[in-house]
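Engineer: A single structure is presented below for examination.
The values are calculated or read from the model by the stated rules, or taken from the named source; none is laboratory data. It should be emphasised that the depicted structure is a prediction, and the values quoted were computed from it without experimental measurement. Neighbour counts run over all protein chains shown; Cβ positions are idealised from the backbone, glycine included. The area values use the complete protein model at the heavy-atom level, side chains included, leaving out ligands, DNA and RNA. Shrake-Rupley method; radii C 1.70, N 1.55, O 1.52, S 1.80 Å.
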Amino acid sequence: YPVTVFEKLPVVGGMMAVGIPAYRLPRDIIETEVKTIEALGVTIKTGVCFGEDITLDSLRADGFEAVFMATGLHLSRGLNVEGEDFPGVVEGVEFLRNAALGRDVALGSRVIVIGGGNVAIDVALSAKRLGAKEVSLVCLEKREEMPAWDYEIEEALEEGVSIINSLGPRKFLRKDGQFSGVEFKQCTAVFDEKGAFNPNDDETNLTVLDGDTVIVAIGQAADLSFAQKDGIVITPRGGLEADPVTLATPIPGLFAGGDVFYGPKSVV
């Protein structure tokens, strides 16, 4: 089957190219893989946005008989706490994308990263590489509960990242209209007796961390703004609906896969 890949970003590779920093996944590795795919006869077009530049109807009109949606998770999940809209509060996935694309990333000398997973570690180490003097990574979990892989935590500590456990953001603070710090509450338990994520907090035990920039990296979400126009079905958890075996969606000829279907996974 002849295949055309339409890519919204100006570069090829999706989250591998704009979500995983180059120190972890060197760009020449991606280029080699892409060249192999192109050598098989696959056509790749960048800067094409589904829902704006192309639609299901336009693709069918152009003779395409099947469409596979693999749009990934390119948005950050929010905290829904006071002050999240202050200047100086940055989304983790957006920060990594801008850094990867060489866009101007304004960071203060003291950066607070909120989150305990691998993405948060990547954000913290990228902030270090972009010149931040102090980087503090703050998460709900105890050290042994952190979802980040052990060796990634060790790498962060080796590079001078301060990891602060068992704190959850209560509100963002600002001074003179700009972000100035985060007020945290003590997290007494992250999981309930059934092992489900259900944090308990001690609102009387508060800690304030001062900073110039805070980057929120607590999870990823899908940008599905294109779905409604074409009647594409979204699951209650915010992904694309598809058959788990065939990956076929309820729309004939439309398939879905990758993170937008499975949720976040590793690139292996």
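Engineer: I'd like the accessible area for R237, computed on protein heavy atoms only with a 1.4 Å probe and all protein chains in place. Round to 10 Å², please.
Structural biologist: Result for R237: roughly 140 Å² accessible.
Engineer: Further question: Run down the lysines and flag those whose C-alpha is under 20 Å from the C-alpha of K45, throwing out any fewer than 8 positions away in its chain.
Structural biologist: K8, K35
Engineer: Going by amide H atoms built from the backbone, whose H comes under 5 Å of the H on I164, apart from near neighbours?
Structural biologist: Amide H neighbours of I164, under 5 Å, 5+ apart: L137, V138, C139.
Engineer: Follow-up question, since we're still on this one. Work out from phi, with θ = phi - 60° and the Karplus expression 6.51 cos²θ - 1.76 cosθ + 1.60, the ³J(HN,Hα) of each residue of region 74-90, listed in order in whole Hz, and give x for Gly and Pro.
Structural biologist: Along region 74-90, the couplings run 9, 10, 9, 6, x, 8, 6, 10, 4, x, 5, 9, 5, x, x, 9, 10 Hz.
Engineer: Tell me the angle of helix 118-129 to the major Cα principal axis of the chain, expressed in degrees between 0 and 90 and rounded to the nearest ten.
Structural biologist: Orientation of helix 118-129: about 70 degrees from the principal axis.
Engineer: Of the heavy-atom accessible surface of the chain (probe 1.4 angstrom), what whole percent is carbon and sulfur? Show your work: numbers first, answer last.
Structural biologist: Working: 7490 of 14710 Å².
With neighbouring chains kept in place, the figure for the chain is 51 percent.
Engineer: List the residues whose amide H sits under 5 Å from the amide H of F184, counting only those 5 or more places along or on another chain, with H placed 1.01 Å from N in the peptide plane.
Structural biologist: R170, T207, V208, L209
Engineer: Non-local amide H neighbours of V5 (under 5 Å, H modeled in plane, Pro and chain starts lacking H): which ones?
Structural biologist: Answer set, sorted by chain and number: T43, I44, K45.
Engineer: With each run of n ≥ 4 DSSP H residues scored as -39500 (n - 2.57), what mean residue ellipticity at 222 nm is computed for the chain after dividing by its residue count and rounding to the nearest 500 deg cm²/dmol? Before the final figure, lay out each step's value.
Structural biologist: Working: 7 runs with 57 residues, N = 268.
That comes out to -5500 deg cm²/dmol.
Engineer: ³J(HN,Hα) across region 56-68 via Karplus (A = 6.51, B = -1.76, C = 1.60, θ = phi - 60°), whole Hz, x for Gly/Pro?
Structural biologist: 4, 5, 5, 5, 5, 5, 7, x, 6, 9, 9, 10, 10
Engineer: Under a 1.4 Å probe, what is the accessible area of the chain per residue, stated in Å²?
Structural biologist: Per residue, the chain has an accessible area of 55 Å².
Engineer: Just to compare against my own numbers: the Cα pair-distance distribution for region 210-268, 5 Å bins, whole % per bin, please.
Structural biologist: 4, 16, 23, 22, 13, 8, 6, 4, 3, 2, 0
Engineer: Can you pull out the GluC sites (Glu not before Pro) in region 149-185 whose DSSP state is coil and whose Cβ has at most 15 other Cβ atoms within 10 Å?
Structural biologist: In loop regions of region 149-185 (DSSP not H, G, I, E or B), the sparsely surrounded GluC sites (Glu not before Pro) are E159.
Engineer: If we sort 75-81, 112-118, 198-204, 254-260 on the protection proxy, mean other Cβ atoms within 10 Å, highest first, what's the order?
Structural biologist: Highest to lowest by the protection proxy: 112-118, 254-260, 75-81, 198-204.
Engineer: Shifting gears a bit: Which whole-number value in Å³ per residue fits the convex hull of the alpha carbons of the chain?
Structural biologist: 154
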